[in-house]
Protein chains: 2
Amino acid sequence: MPNMKEIAKQAGVGIGTVSRVINNSGYVKKETREKVEKIIRVNNYVPNEIARSMTSQKNNIVAFILPNSTHLFFGELLYHVEEELFKSGYKVMICNSSQKIEKEMIYLDMLKNNRVDAVILLTNNDIEKYLDKTLPILSFDRRFTDIPFVASDNYQGGILAAQKLIKAGCKNFMFIGDDAQGDNTPVYTEVTKRRKGFIEYLNKKNFTNIVNIEYPLGDYFIGCDEVYEMIKDYPNIDGIFTVSDAVAVAAIQALQKMGKRVPEDVKVIGFDGGRSFLNLGMRLTSISQSPELIAKAIGEIITSFYAKKTIQNQIIPVTFCDGDTA
Amino acid sequence: MPNMKEIAKQAGVGIGTVSRVINNSGYVKKETREKVEKIIRVNNYVPNEIARSMTSQKNNIVAFILPNSTHLFFGELLYHVEEELFKSGYKVMICNSSQKIEKEMIYLDMLKNNRVDAVILLTNNDIEKYLDKTLPILSFDRRFTDIPFVASDNYQGGILAAQKLIKAGCKNFMFIGDDAQGDNTPVYTEVTKRRKGFIEYLNKKNFTNIVNIEYPLGDYFIGCDEVYEMIKDYPNIDGIFTVSDAVAVAAIQALQKMGKRVPEDVKVIGFDGGRSFLNLGMRLTSISQSPELIAKAIGEIITSFYAKKTIQNQIIPVTFCDGDTA
């Protein structure tokens with residue numbers, strides 16, 4: 001953010017006055033307001049969106065519905081979304097849904113009632129029938145009909161993981177992830193493409209020893225003991241790709257419990273970027289999503305809602321994140 | 001959260017209708033509204049605060065200003081604060097200040113202008129002179145005159161760490177933390193009591209070999225290289241207590257760089273609770289703050305603002321969290 005103090009100094013007013021002008025709130029003398037607004041323009045201090053919001057009737061609040069902000073990647077995404085939308089004059093209301101559709105509905109109703117201007121929806125719930133498609137709703141990692149969405153290039157992430165494990169000499173592969181393709185639920189999420197990209201690339205390269213582990217959709221905090229139960233009957237696996245970094249860490253712990261060494265006996269690749277793992281002595285190999293770029297795409301779509309611009313779905317590139325576990 | 005579906009079923013209406021009744025928004029037939037409200041009361045479905053808010057003119061929005069929600073403990077606290085306040089009918093607006101006073105001011109102005117009903121302030125900035133003490137502001141880990149606050153029992157945390165290191169046989173101690181006592185800034189935060197409790201207890205037990213490392217206030221994401229520079233000239237240290245888990249992990253990495261083994265050569269204790277560290281092979285020994293209890297205390301104070309109850313500051317107990325590093 002540019003420096004509000006400098007604006008205040010140039011205008012010869014206090015920092016509070018500048019804030020009141022930006023928020024269009026509280027008493028500011030007309031001459032003072034005009035002076036501050038001019039200096040703001042000259043310094044190119046605030047984006048046009050803020051300038052516009054000064055005269056609009058919007059609340060400038062966006063609700064971000066997500067399952068749980070303590071999930072490492074979701075937490076990072078929340079941070080960057082808030083930073084990005086703030087630049088455009090929006091405040092972010094957070095809703096940790098804990099995957100309860102009832103709680104999600106309350107925020108969607110706030111949208112209907114103009115108490116928030118837009119909703120960012122990150123959900124695994126079977127909520128499509130409740131969505132009013134005429135309202136400014138944006139989805140992350142999930143496709144609904146007639147709702148714009150942003151997702152990482154999950155399919156390419158699966159390919160990158162497969163390539164790395166093949167290159168590392170693996171022969172017996174495993175994917176561990178939640179049931180995001182909807183075999184057991186009516187919900188299909190973009191996340192299933194991590195699995196799809198991985199398995200299809202391996203098949204293309206004539207690797208067919210692939211164990212595909214699925215657990216219930218949305219179980220974000222799966223731990224070592226649960227993963228141990230999933231993998232203990234597959235002692236020959238030598239390359240594992242998981243749907244998230246958290247599951248990768250649980251898998252590494254489960255492998256240690258099985259007496260396996262990582263990466264010597266089994267190579268493990270996570271998904272998200274390994275950034276938040278201040279682990280002791282080992283960096284997690286991972287496929288990196290960019291919360292900054294995703295937040296930027298989300299910001300573009302949110303501002304497009306009100307600028308009546310054409311809205312395009314956005315697929316954000318992923319990158320291979322080198323580490324010590326594969 | 002209780003089950004909205006059941007309320008809808010009992011009332012013979014859709015889930016959306018129940019939501020509209022709770023939010024007092026959108027069209028609901030008078031008879032239907034009364035029926036739903038009755039079932040809500042009979043089932044004791046929503047707390048009284050929500051019921052009250054149905055007829056109030058409040059926005060039911062609380063702004064939570066914090067330095068950075070990707071900081072592991074702050075992220076956990078945000079999650080629990082949102083969950084706790086939701087029970088009382090409040091939505092949470094998040095402000096990642098990145099410690100910029102200009103950004104904090106914008107949210108404080110929203111409070112002045114009744115766009116939010118209360119502010120939770122978690123800040124290291126010299127912001128006291130800008131605070132309107134007549135407004136519902138609550139501070140975490142920081143004391144301002146005439147502003148209610150919640151803090152962990154940081155002093156007791158320092159004592160617990162000292163006791164553990166003494167018991168483990170340490171003789172040469174070190175504390176690493178930011179300058180939260182205001183020697184180099186005008187800001188004094190409650191966090192300094194971690195240092196104070198630690199050093200005063202050691203002195204009381206006649207340990208005087210204590211190195212006290214201070215770095216600039218609010219440097220939350222200090223890494224291995226920075227900690228290495230701080231500690232490399234103290235090869236005899238055998239017991240380290242740090243201001244946070246993140247710094248403890250950086251210290252362990254720095255010690256490894258110095259060729260020291262943890263915990264054999266040097267014992268390390270962090271602060272926050274070691275919960276979020278999905279580290280590979282080592283559990284961090286730590287002093288645990290309870291984000292749940294802190295959020296509960298914050299919720300009580302926020303609801304007291306509008307219930308015109310007496311407001312009391314709250315100090316939340318900490319506990320020793322056993323691990324592998326001390």
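Values quoted throughout were computed directly from the atomic coordinates according to the rules given, and no laboratory measurement underlies them. Predicted model, so just to flag it, every value in this text is computed and none were measured. All Cβ positions, even for glycine, are placed from backbone atoms using ideal geometry, and neighbour counts span all protein chains on display.
Could you give the dipole magnitude of the stretch A:180-260 about its Cα centre, charging the beta-carbon of Lys and Arg +1 and that of Asp and Glu -1, in debye to the nearest 20? Don't jump to the answer; show the numbers that get you there.
Working: 9 positive and 11 negative charges, 79 e Å.
About 380 debye.
Using Cβ contacts closer than 10 Å as the measure, can you line up A:MET93, A:MET230, B:MET258 from fewest to most? Before the final figure, lay out the partial values.
Numbers: A:MET93 24, A:MET230 19, B:MET258 14.
The fewest-first ordering by Cβ neighbours comes to B:MET258, A:MET230, A:MET93.
For chain A, what D do you get in µm² per second when you plug the Kirkwood radius from alpha-carbon pairs into Stokes-Einstein at 25 °C and 0.890 mPa s? Each step should come with its number before you reach the end.
Details: Rh = 21.7 Å.
Result for D is 113 µm²/s.
Which GluC sites (Glu not before Pro) in the stretch A:228-318 pass both tests, a DSSP loop state and at most 11 other beta-carbon atoms within 10 Å?
A:GLU264
What is the mean number of Cβ atoms from other protein chains located within 10 Å of the Cβ atom of each residue in peptide B:84-91, rounded to a whole number?
If you average over the peptide's residues, the count of other-chain Cβ atoms is 2.
Output wanted: per-residue J couplings in Hz (rounded whole) for the stretch B:315-321, from phi through Karplus 6.51 cos²θ - 1.76 cosθ + 1.60, θ = phi - 60°, x for Gly and Pro.
Each residue of the stretch B:315-321 in turn: 10, 9, x, 10, 9, 6, 10 Hz.
Measuring from the lowest to the highest alpha carbon on each principal axis, how far does the stretch B:154-290 reach, largest first, in angstroms?
39, 33, 33
If the convex hull of the alpha-carbon atoms of the stretch B:4-46 is projected onto planes in all directions, what is the mean projected area in square nanometres? Show your work: numbers first, answer last.
Details: hull surface 9.9 nm².
Directional mean of the projected Cα hull area for the stretch B:4-46 stands at 2.5 nm².
Please arrange B:VAL13, A:VAL227, A:VAL211 by how many other C-beta atoms lie within 10 Å of their C-beta, fewest to most.
Details: B:VAL13 20, A:VAL227 25, A:VAL211 16.
In increasing order of surrounding Cβ atoms, one gets A:VAL211, B:VAL13, A:VAL227.
What gaps in nm, shortest first, separate A:ARG41 from its twins in the other copies when you place the label 7 Å past Cα toward the beta carbon?
5.6
Checking the a/c ratio against 1.5 first, then a/b against b/c, what shape does the Cα gyration tensor give for the protein assembly as shown? Provide the component values of the computation, followed by the final result.
Values: a/c = 1.58, a/b = 1.09, b/c = 1.44.
Because a/c hits 1.5 or more and a/b fails to exceed b/c, the protein assembly as shown counts as oblate.
Quick one: Karplus J couplings for the stretch A:218-227, per residue in order, coefficients 6.51, -1.76, 1.60, θ = phi - 60°, nearest Hz, x for Gly and Pro?
3J(HN,Hα) across the stretch A:218-227, in whole Hz: x, 8, 6, 10, 5, x, 3, 5, 5, 5.
How large is ³J(HN,Hα), in whole Hz, for each residue of the stretch B:185-198 in order, when computed from phi with the Karplus curve 6.51 cos²θ - 1.76 cosθ + 1.60 and θ = phi - 60°, using x for Gly and Pro?
These are the phi-based 3J(HN,Hα) values: 9, x, 9, 10, 10, 4, 4, 4, 5, 5, 5, 4, x, 5 Hz.
Dipole of the protein assembly as shown (Lys/Arg Cβ +1, Asp/Glu Cβ -1, origin at the Cα centre): which of A:PHE305, B:GLY223, B:LEU121 lies farthest to the positive side?
Positive-end residue among those listed: A:PHE305.
What value, in deg cm²/dmol to 500, does the helix sum -39500 (n - 2.57) over DSSP H runs of n ≥ 4 give at 222 nm once divided by the residues of chain A? Numbers along the way, then the final one.
Details: 11 runs with 129 residues, N = 326.
Only helices count here, giving -12000 deg cm²/dmol.
Measuring from a point 7 Å out along Cα→Cβ, what nm distances, shortest first, does B:THR208 have to its partners in the other copies?
7.8
For chain B, which longest stretch is free of loop sites, where a loop site is one of the trypsin sites (Lys or Arg not before Pro) that DSSP puts outside H, G, I, E and B and that has at most 13 other Cβ atoms within 10 Å?
On the way: sites that count: B:LYS29, B:LYS133, B:LYS171, B:LYS205, B:LYS232, B:ARG261, B:LYS308, B:LYS309.
It runs B:30-132.
B:VAL318's amide H: which non-local residues (gap 5+, or another chain) put their own amide H closer than 5 Å, with H modeled 1.01 Å from N in plane and none for Pro or chain starts?
For B:VAL318, whose amide H was placed from the backbone, the distant partners under 5 Å are B:ASP153.
Please list the non-local residues whose amide H lies under 5 Å from the amide H of B:ASN172, H modeled 1.01 Å from N, same-chain partners needing a gap of 5 or more.
B:ASP238, B:GLY239
Would you list A:THR189, A:THR303, A:THR310 from fewest to most Cβ contacts within 10 Å? Provide the component values of the computation, followed by the final result.
Working: A:THR189 24, A:THR303 21, A:THR310 6.
Lowest count first: A:THR310, A:THR303, A:THR189.
Compute the FRET efficiency between B:ASN203 and B:LYS129 as 1/(1 + (r/R0)^6), taking r as their Cβ-Cβ distance and R0 = 35 Å, and round to the nearest 0.05. Please report the intermediate quantities before stating the final value.
On the way: r = 35 Å, r/R0 = 1.01.
With a Förster radius of 35 Å, E is 0.50.
Considering amide H positions built from the backbone, and no H for Pro or chain starts, which residues 5 or more places from A:TYR215, or on another chain, come under 5 Å of its amide H?
Close amide H contacts, sequence-distant or interchain: A:GLY177, A:ASP178, A:ASP179.
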